[in-house]
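In what follows, a structure is listed as structure tokens, so that the remarks can point back to it.
The values are calculated or read from the model by the stated rules, or taken from the named source; none is laboratory data. The shown structure was predicted, so the numbers you read here are calculated from the model rather than taken from an experiment. For neighbour counting, all protein chains shown are included, and Cβ atoms are generated from backbone atoms with ideal geometry for every residue, glycine included.
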Amino acid sequence: MKIFIKWSLVAAAVFTSALINAQTSGESQRTDEHQKSAREIFRELIEINTTSDIGSTKAAEAMAARLKVAGFPPDDIHVVGPQPQHMNLVVRLRGKGIRPPVLFIGHLDVVEALPQDWSFDPFKFLEKDGYFYGRGTTDMKNEDADLIANLIRLRQEGYFPDRDIIVALTDGEEGGDYNGIEWLLGNHRDLIDAEYCINPDGGGGSIRDGKEIIMTIQTSEKIYMDFTMETHNNGGHSSLPVRDNAIYSLANALRKLADYSFPLELNETTRIYFERNAQQETGQTKADMLRMAKLPVDTSAANRLAKISPIYNSKMRTTCVATMLSGGHAQNALPQTAKANINCRMLPGGNPDNILAVLTEIVNDPQVTISLAYTSTVSPLSPLRKDVLGSLDRLTASMWPGVVVTPDMSTGATDGRLLRAAGIPVYGISGMFGDLDDIRAHGKDERIGVKEFYKGVEFMYRFIKAVTSGS
């Protein structure tokens, strides 16, 4: 009896081990299949040139074809846009309708990349030394491939979410006259209307010295504005100079602007940003960041942080800076005009008229005229959602233990501003990590780590399920 029991236990152990190995092998095989699919989609997107003069239609149609093969009903796939070459893709994975839909966005267009400026063809997908190279590998065809690959995976698994999942891959985010999100809001809002939006273009992780250190969730963006500062006078012969010189007047105005700092103004996002970033710091910097999370604002702490990094300074206040300069009409003539472009990045919720008033007050010179040349869409701060931030916190802790998660306000701009202005809160979230000291978006030899790409795809798969499973 004892021998029988002994051999029975051995047999059971062998069977259990075989079962575990089979399960592990099956999971590994499925992971390899998903990675292979994501890589192939990524390759196809990189090798379709979607610069603004060519447009994104071919890429939108290629992704639509993949979705149809994967079993998405034709009625749930839309390739629409303002012009034949500037089409957008919108696809819906239908759910139970228990909650309103959630929207995921990405842009298919990329900035120009001249082959002579690169080490290889920017529109050929290249894997080399642990990196994927090509125009759009970080901005942002990696995320486009991520979203399409995961939609197909969810469909193949028979996943039935508690709400519709909408993915919109658009044209025109990088510039031009055909912004896809703006066009969809004005012409087909029904296709993209959602409780909130996830925008991978606005978030993600940062690596420093080979270590993942921080994950950001973008909840707001500063508003882009250009002002024209200009002076005029009668000019004359350069051999007869006078003090009333258009260039001198403009130079004095610019000096006043250079010496001015807009008031400190922190919001919910930036307070938490400094509080959580303090976990990565030591000494005075850590103490100063913790002070930024409290009221009233500690001016001394803010001034010290502003000197450490222009990033910290830009998150505390509106900024305005001279970016272009022109003046005069001849080498031997007194200038009749002088002009400067002043680029401002206004905090969310601000008013361009107020910025104009401040600039006018700073300059305080009737000979200098200041006018608003351009302003992007003014959009509000997206309120922090506990369900979204909680899902991000849990997944980050699981996949990248020790990495700090923090809300963030972008100093640049994404399509999220258009959706926020239209009443759809937007959260910039991505599982893709990049090296803080090797940022190549819009630049030469753009690349993303192979490991970082695959792990980012897996993160988004888990995140989509986390916000659509009702758990």
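Rundown of residues vs (1) buried (at least 16 other Cβ atoms within 10 Å of the Cβ); (2) farther than 21 Å from Ser379 by Cα; (3) not small (Gly, Ala, Ser), yes/no style:
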position	(1), (2), (3)
Ala287	no, yes, no
Leu290	yes, yes, yes
Cys320	yes, no, yes
Gly327	yes, yes, no
Lys339	yes, yes, yes
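Note on region 360-419: residues that are more than 22 Å from Met460 (Cβ to Cβ) and in contact with a Gly (Cβ under 7 Å, 6 or more places away or on another chain) amount to 2.
Among Ala302, Ala333, which is the only one that is in contact (Cβ under 8 Å) with a residue 12 or more places away in the chain and under 24 Å from Ala357 (Cβ atoms)? Reasoning before the result, please.
Working: Ala333 fails: under 24 Å from Ala357 (Cβ atoms).
Ala302 is the lone residue from the list that is in contact (Cβ under 8 Å) with a residue 12 or more places away in the chain and under 24 Å from Ala357 (Cβ atoms).
When region 226-244 is limited to residues that are at pLDDT below 95 and crowded, with 16+ Cβ neighbours inside 10 Å, the one that is nearest to Ala357 (Cα to Cα) turns out to be Asn233. Can we say Ala113 is in the same structural domain as Asp190 (by TED's automatic domain parsing) and outside any loop (DSSP other than H, G, I, E, B)? The answer is no for Ala113.
Suppose the filter is buried (at least 24 other Cβ atoms within 10 Å of the Cβ), aromatic (Phe, Trp, Tyr) and outside any helix (DSSP H, G or I); does Phe123 pass it? Write out each step before concluding.
Numbers: buried (at least 24 other Cβ atoms within 10 Å of the Cβ): no; aromatic (Phe, Trp, Tyr): yes; outside any helix (DSSP H, G or I): yes.
Here the answer is no, as Phe123 does not meet what is asked.
Taken as a whole, the condition of being touching an Asp or Glu at 6+ places or on another chain (Cβ under 6 Å) and of a type in the set (Asp, Glu) applies to Asp415. Counting only residues that are surrounded by fewer than 13 Cβ atoms within 10 Å (Cβ to Cβ) and in contact with a Pro (Cβ under 7 Å, 6 or more places away or on another chain), region 384-412 holds 0 of them. Checked against (1) at pLDDT 95 or above; (2) basic (Lys, Arg); (3) over 30 Å from Glu452 (Cβ atoms), Lys286 meets all criteria but (3).
Out of Val457, Val368, Val426, one residue alone is buried (at least 20 other Cβ atoms within 10 Å of the Cβ), out of contact with any Phe, Trp or Tyr (no Cβ under 6 Å at 6 or more places or on another chain), assigned by TED's automatic domain parsing to the domain that holds Ile311 and among the aliphatic types (A, V, I, L, M). It is Val368. Which one of these does Ile213 not meet: (1) over 17 Å from Pro407 (Cβ atoms); (2) under 24 Å from the mean Cα position of the chain (by Cα); (3) not charged (D, E, K, R)? Condition (1) is where Ile213 drops out.
For region 57-96, residues that are over 27 Å from Asp162 (Cα atoms) and without any contact (Cβ under 8 Å) to a residue 60 or more places away in the chain total 5. The number of residues in region 68-106 being within 20 Å of Glu157 (Cβ to Cβ) and either assigned to a helix (DSSP H, G or I) or touching a strand residue (DSSP E or B) at 6+ places or on another chain (Cβ under 8 Å) (or both) comes to 12. Among the residues of region 59-76, those that are surrounded by 14 or more Cβ atoms within 10 Å (Cβ to Cβ) and either within 23 Å of the chain's Cα centre (by Cα) or on the phi > 0 side of the Ramachandran plot (or both) comprise Ala59, Ala60, Met63.
Kindly indicate the residue of region 168-193 that is surrounded by 21 or more Cβ atoms within 10 Å (Cβ to Cβ) and of a type in the set (Gly, Ala, Ser) and also farthest from Val111 (Cα to Cα) among those meeting that condition. If we take residues in region 168-193 being surrounded by 21 or more Cβ atoms within 10 Å (Cβ to Cβ) and of a type in the set (Gly, Ala, Ser), then Ala168 is farthest from Val111 (Cα to Cα).
In this structure, does Ile77 turn out to be β-branched (Val, Ile, Thr) and under 15 Å from Ile181 (Cα atoms)? Give the steps one after another, and end with the answer.
Details: β-branched (Val, Ile, Thr): yes; under 15 Å from Ile181 (Cα atoms): no.
No.
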